[in-house]
1. So Val181 passes all but one of these: (1) among the β-branched types (Val, Ile, Thr); (2) touching a strand residue (DSSP E or B) at 6+ places or on another chain (Cβ under 8 Å); (3) farther than 23 Å from Ser65 by Cα. Which condition number does it fail?
2. Given the conditions (1) in a loop (DSSP other than H, G, I, E, B); (2) open to solvent by less than 20 Å² (accessible area, probe 1.4 Å), which single one is not true for Thr74?
3. Would it be correct to say that Ser65 is within 21 Å of His182 (Cβ to Cβ), out of contact with any helix residue (DSSP H, G or I) (no Cβ under 7 Å at 6 or more places or on another chain), modelled with pLDDT under 95 and small (Gly, Ala, Ser)?
4. Here is a list of conditions, (1) farther than 24 Å from Gly35 by Cβ; (2) out of contact with any Ser or Thr (no Cβ under 6 Å at 6 or more places or on another chain); (3) in contact (Cβ under 8 Å) with a residue 40 or more places away in the chain; (4) among the hydroxyl-bearing types (Ser, Thr, Tyr), and Thr78 meets all of them except one; can you say which number that is?
5. Pick out the one residue from Lys136, Lys116, Lys122 that is of a type in the set (Lys, Arg) and over 21 Å from the mean Cα position of the chain (by Cα).
6. Out of the residues in segment 206-247 meeting the condition of being closer than 19 Å to Ser65 by Cβ and among the hydroxyl-bearing types (Ser, Thr, Tyr), tell me which one is surrounded by the fewest Cβ atoms within 10 Å (Cβ to Cβ).
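The values are calculated or read from the model by the stated rules, or taken from the named source; none is laboratory data. A quick note: this is a predicted structure, and the numbers were derived from the prediction, not measured. FYI the Cβ positions are ideal-geometry reconstructions off the backbone, even for glycines, and counts take in every protein chain you see. Surface areas here come from the heavy atoms of the whole protein model, side chains and all, with no ligands, DNA or RNA. Shrake-Rupley method; radii C 1.70, N 1.55, O 1.52, S 1.80 Å.
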Amino acid sequence: MRKFTITILFLVLFTKFSISQVSKETQNIKQVWVGYLNQTRFSNHWGSWLDLHLRTKEDFTKNFSQAVFRLGLTYYFTDNTSFTAGYAYMNHFPADNHKYISQPEHRPWQQIVWIKQYPRIKTTQRFRLEERFKRKIATESQLADGYGFNYRLRYNFLMNIPLGKRPFAPNTLAFVINDEVHVNFGKEIIYNYFDQNRFFLGFAFQVNKHDNLQFGYMNVFQQLDAGNKYKSIHALRIFYFHNLDLR
């Protein structure tokens with residue numbers, strides 16, 4: 001229990017330290033992030049991964065910034081340890097350097113997940129590696145030939161703490177603490193090896209034995225390509241986790 005407390009304190013302090021380093025060029029944005037995440041178990045060792053996301057651009061409800069489709073094939077070493085590899089497609093809706101056209105991104109990815117459940121706490125750790133092929137931009141209204149490329153490593157730590165006498169039972173709430181650090185690397189990365197940190201505080205409503213709805217506040221602190229410009233996104237995050245076991 002102590003090591004989990006230390007981990008959470010470290011993540012909170014890291015996030016606060018990152019935000020404290022924000023320069024005057026930081027842009028503060030308000031968004032809504034909605035997502036549907038599905039894990040389906042076919043057998044003792046095989047399953048699938050699917051998640052869909054839509055994110056607004058600014059002022060919570062104004063325009064869209066990104067849409068994500070992610071699909072993968074999962075191998076379960078045990079019920080609590082799994083490896084997934086797959087493909088993701090991301091659409092970056094018109095933004096500052098491509099105001100009149102969307103920018104596509106193709107993203108193969110691999111991850112390993114560890115889950116640990118105690119009587120009153122459930123933790124999930126995830127390492128994900130992404131190979132990002134992002135279409136180049138010619139003008140504000142035209143895509144260029146070819147793709148920019150870089151790797152990105154993500155570490156995600158999530159803790160569920162049940163509220164009430166029936167932990168993880170249907171129709172109960174849990175407190176959720178979640179932090180995910182993103183690090184870029186590759187030949188084309190010059191100024192922003194640190195990509196972003198996503199810190200989330202909220203609640204999970206246990207819909208049934210396997211599914212839950214998470215909702216709460218997330219801060220995304222992101223360093224942009226130039227290295228001296230940042231985004232601080234204040235987001236309302238609503239995710240539905242749908243788990244199917246067909247065994």
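1. If we test Val181 against (1) among the β-branched types (Val, Ile, Thr); (2) touching a strand residue (DSSP E or B) at 6+ places or on another chain (Cβ under 8 Å); (3) farther than 23 Å from Ser65 by Cα, just (3) comes out false.
2. The one condition Thr74 does not meet is (1).
3. no
4. Looking at each condition in turn, Thr78 falls short on (3).
5. Selected residue: Lys136, the only one of Lys136, Lys116, Lys122 that is of a type in the set (Lys, Arg) and over 21 Å from the mean Cα position of the chain (by Cα).
6. The selected residue is Tyr217.
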